[in-house]
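Bear in mind that the values in this text are calculations on the coordinates, not laboratory data. Please read all numbers here as calculations on a predicted model, not as lab measurements. Backbone-built Cβ (ideal geometry, glycine too); neighbour counts: all protein chains shown.
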Amino acid sequence: MSALAPPAHPAATSPLARRVLWVLVAWAALGLVARVFVWASQGGFHYPDEIFQQLEPGHWLRTGVGWLPWEFGRGLRTWLVPAEYGGLLEVLSWLGLRGLDAERVVLLHHALWSLTLIPAGYRIGRALAAGSPPDDAPAGGAGLAYGLDRATLSGLAVAFFMALLPTLLYWTPHTLQGTPGLLCFTWGVVHWLEGARAESAQAAKRAAFWVGFWFGLTGVFRFTAGFYMLVPLAAMLLRPSAHLSRPATLLRVLTGAAGPVLALGAVDWATWGKPFHSIIEHIKYNFIEGGASDHGKSPTLFYLSVAVWARLGPLAPIVVAVALAGLRKTWPLLLTAALPLALLTTVPHKEERFLMNQWPLFAALLGVGLVTLVALVERRRASRAGPLLGLALALGVLVSNALGTAPSDVPHDEAVQPHDLAWRERAGIFAAQDFVGRQPDASGLLLHDRQHLNGGYVVMGRTIPQVSFNRRLLDAPVFDYAALRTDGPEARLVLRAGWHAVQTFEDITVYRR
């Protein structure tokens, strides 16, 4: 066996294998509960794109009704992903689900798919801890204190953080482009790390193919996620597997990526008239024309100070110390995360969602770092203090990160990105739209705020006019409902015009003519 290969898995029927399996099942159960809790706690959207560049175009494809943003006028987005959502919405309609109910099920489906991060984390941890020298083990063979080798313990620790790390969980029940891309990217990392330690040409070829496939799919969901692939791909080509030449590695990666990438090109050709039109326009608009800056600018250190440090919570120094404890094994992942952070920092327009792929990498750093610290304590103290320290650190990391991720009353400047993560942004207007869409007498809806700051027709679930509130439209009989900020100036205006309140949803009240 290669010194770099993880110890072989025990036989599937052995007590040891069953023990590992049951621990992973326990992590999955905890992860399921945590994901459902996060999904139930959230509402509305994190950012309008998850409605108007994903679900609303999908709804438009299946019904012919929807508000399409300017990106679809210029061809800045592919129709491939909205088509997938359109198909899912169609299936849900067969089950009687529409409007907000269907939208919520789509979000839950994303959250549940993210449970696949747990087995991915286990494999990442095992691959990272491969080749640990014997003196890494705690004294007295305690390194196998639970009958488990260092690689398996690292795998279980990484899987634990994949199951429960709060900021990672925050992103799972969303239809942002990066949400499914995050899962694909993580599985690409799995095969990259395993391929680097492959013990045969067949295993190396298989790993390279799947790296290409998963990274290709990641790029289909979000093109700029390619920044996260730079280090893994460079590592594969600069230090290829001993069983696979550099040209053969490149060929396998390209073969794996061909399917998703060519599918994107074909769909763009069929819909926009040119292969890869959406990618070309995306590059032109954001990087040549500098159009991204039109949507807001943030301070240079926003990503580092807010999207990373603030999210780690009040114990951020301790959390970072745990993550860096295993740096001798995890430095490739740290570099994988650091390079995109540095590159994206140079772009004036910054959003936390652009760093979504950092969090599974950080979960891996935490898992390996935690096991490293536990092993160090047990080796030097020859006691059982290691597991207690590990438990305390793991819980401390989760609590601190939860405090950094939870909504708070931190004031922010609207000119830059807010410090809070939005847990229920526009949840009230979503519920109001769904409510009006279910009223048999509804013929039109006046909405609070701008056209793109609501749930669109996909949440309304019905084909009736809905437009931003304008006092001149109060006399138009087609608009018999209004969803407005409770006690706001628009609400006072409709009340003076003789309308009456029907139902209140959080900060939004529905009024009827």
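Just a few scattered comments:
- Cβ-Cβ FRET estimate between residue 297 and residue 109, R0 fixed at 41 Å, reported to 0.05: 0.75
- Between residue 475 and residue 495, the FRET efficiency estimated from the beta carbon spacing at R0 = 22 angstrom works out to 0.90.
- In order along the stretch 260-276, the Karplus-derived 3J(HN,Hα) couplings, from 6.51 cos²θ - 1.76 cosθ + 1.60 at θ = phi - 60°, round to x, 5, 5, 4, 4, x, 5, 5, 4, 4, 6, 9, 9, x, 9, x, 6 Hz, and Gly and Pro are given as x.
- Cα gyration tensor, the stretch 177-327 - rounded (a/c under 1.5), prolate or oblate: oblate
- For the chain, the longest principal axis of the Cα atoms and the long axis of helix 358-381 meet at an angle of about 30 degrees.
- Computed lengthening from residue 402 to residue 331, 0.36 nm per intervening residue step minus Cα-Cα distance: 23.0 nm
- Along its three principal directions, the equivalent ellipsoid of the chain from the Cα gyration tensor extends over semi-axes of 45, 26, 20 Å, largest first.
- Each residue of the stretch 212-225 is assigned a 3J(HN,Hα), and the resulting list reads x, 4, 5, 5, x, 5, 4, x, 5, 5, 8, 4, 6, 5 Hz, derived from the Karplus form 6.51 cos²θ - 1.76 cosθ + 1.60 (θ = phi - 60°), x at Gly and Pro.
- Those lysines that a straight Cα-Cα span of less than 19 Å connects to residue 274, excepting residues fewer than 8 apart in one chain: 284
- Charging the Cβ of each Asp and Glu at -1 and of each Lys and Arg at +1, and nothing else, the dipole of the stretch 427-512 about its Cα centre rounds to 180 debye.
- Derived scalar couplings ³J(HN,Hα) [the stretch 462-469; Karplus, 6.51 cos²θ - 1.76 cosθ + 1.60; whole Hz; x for Gly, Pro]: 7, 9, 9, x, 9, 9, 4, 4
- Straight-line cross-link reach from residue 205 at under 14 Å between alpha-carbon atoms covers these aspartates and glutamates, not counting any fewer than eight positions away in the same chain: 194.
- Rounded to the nearest 500, the helix-only mean residue ellipticity at 222 nm of the chain stands at -18000 deg cm²/dmol, with each DSSP H run of n ≥ 4 adding -39,500 (n - 2.57).
- Neighbour cut-off at most 14 other Cβ (10 Å), DSSP loop, GluC sites (Glu not before Pro), the stretch 260-358: 289
- Ranked by how many other beta carbons lie within 10 Å on average, peptides 439-449, 485-495 from highest: 439-449, 485-495
- Sequence-distant aspartates and glutamates (8 or more away, or on other chains) whose Cα lies within less than 20 Å of residue 350: 49, 50, 71, 281, 289, 294, 413, 414, 420, 425
- Nearest 10 degrees, 0 to 90: helix 385-405 Cα axis against the chain principal axis: 20
- Mean-position separation - Cα centroids, the stretch 325-373 and the stretch 252-283, in angstrom: 28
- The magnitude of the dipole of the chain, with charges of +1 and -1 set on the Cβ of Lys/Arg and Asp/Glu and taken from the Cα centre, is near 1260 debye.
- Placing a pseudo-label 7 Å from each Cα along the Cα-to-Cβ vector at residue 280 and residue 392 gives an inter-label distance of 6.1 nm.
- Förster-model FRET efficiency, 41 Å R0, residue 246 and residue 22, C-beta, rounded to 0.05: 0.45
- Relative contact order for the stretch 427-512: 34 percent, from Cα pairs under 8 Å spaced at least 6 residues apart, divided by residue count.
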